[in-house]
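Chemist: My questions all concern the structure below.
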Amino acid sequence: MKAVLSCFLLLSICTINTKAYAMTPEEIVQQNLDFYNQRDIDGFMSLLSPDIAIFNLGESTPSVAGFDNVKAFYKSMFADSPDLHSTILKRIVIGNNVIDHESIVGRLGSNEVVELVLIYTVEANKIVAIRVIRE
């Protein structure tokens, strides 16, 4: 009886811990944004799928695709943008898609404010695609 109770208790703890670490698509995108604002390339990349692709909305060919290419792109931008910071102006979550209207400053050393709409698609706890709407 003690062995059965011990196994049940252990199984319960494992189940609770598993649920505690599951993140929603919104939490994944928010954590990715937090790493972006910290210019933490390893943290930023930890939330991206190996098959990550970034598209300009309406285009079928990605502007950057593949984990290594995306990492090289952001690593360079982080190194050249010491004051980089993105602020969410509006966020909409629909299923596994997170749509952010962002205001970005400090990109590549510029004081110019850039506004973008980014549509993140999350699958299996990783961002698999980002679609960008630019003015």
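Chemist: Taking the stated definitions as given, is Thr61 open to solvent by 80 Å² or more (accessible area, probe 1.4 Å) and hydroxyl-bearing (Ser, Thr, Tyr)?
Modeler: Taking the combined requirement at face value, the residue satisfies it.
Chemist: Any residue in the stretch 113-122 that is touching a residue at least 40 places away in the same chain (Cβ under 8 Å) and polar (S, T, N, Q)?
Modeler: no
Chemist: For a quick check of your reading of the model, give me the residue pairs whose first member lies in the stretch 70-87 and is more than 11 Å from Met45 (Cα to Cα) and polar (S, T, N, Q), whose second is part of a loop (DSSP other than H, G, I, E, B) and open to solvent by less than 60 Å² (accessible area, probe 1.4 Å), with beta-carbon atoms closer than 9 Å and at least 6 apart or on different chains.
Modeler: So the pair list comes out as Ser81/Gly106; Ser81/Ser110.
Chemist: Only residues in the stretch 95-109 that are farther than 22 Å from Lys75 by Cβ count as the first member; pair them with residues that are open to solvent by 50 Å² or more (accessible area, probe 1.4 Å), Cβ under 6 angstrom, at least 6 apart or cross-chain, and list the lot.
Modeler: Val98/Glu26; Ile99/Ile92; His101/Leu89; His101/Lys90; Ser103/Thr87; Ser103/Leu89; Ser103/Val113; Ser103/Glu115
Chemist: Filter the stretch 64-84 for residues that are closer than 16 Å to Leu108 by Cβ and either in contact with a Phe, Trp or Tyr (Cβ under 9 Å, 6 or more places away or on another chain) or assigned to a helix (DSSP H, G or I) (or both) and give the result.
Modeler: The answer is Val64, Ala72, Phe73, Tyr74, Lys75, Ser76, Met77, Phe78, Ala79, Leu84.
Chemist: A further question follows. Check Ser46 against each of (1) under 15 Å from the mean Cα position of the chain (by Cα); (2) farther than 18 Å from Leu116 by Cα; (3) open to solvent by 60 Å² or more (accessible area, probe 1.4 Å) and name the one condition it does not meet.
Modeler: Exception for Ser46: condition (3).
Chemist: Within the set of pairs 6 or more residues apart or between chains, which connect a residue that is over 19 Å from Glu123 (Cα atoms) inside the stretch 18-47 to a residue that is modelled with pLDDT of 95 or more and of a type in the set (Ser, Thr, Tyr) with Cβ atoms less than 7 Å apart?
Modeler: Once the first residue is over 19 Å from Glu123 (Cα atoms) and sits in the stretch 18-47, its partners that are modelled with pLDDT of 95 or more and of a type in the set (Ser, Thr, Tyr) give Tyr36/Ser86; Asn37/Ser86; Ile41/Tyr74.
Chemist: Out of the stretch 106-135, which residues are in a strand (DSSP E or B) and open to solvent by 30 Å² or more (accessible area, probe 1.4 Å)?
Modeler: Val114, Glu115, Val117, Ile119, Glu123, Lys126, Val128, Arg131, Ile133, Arg134
The values are calculated or read from the model by the stated rules, or taken from the named source; none is laboratory data. It should be emphasised that the depicted structure is a prediction, and the values quoted were computed from it without experimental measurement. Glycine also receives a Cβ, built like all others from the backbone with ideal geometry; neighbour counts cover every protein chain displayed. Areas reflect the complete protein model, heavy atoms only, side chains present, ligands, DNA and RNA absent. Shrake-Rupley method; radii C 1.70, N 1.55, O 1.52, S 1.80 Å.
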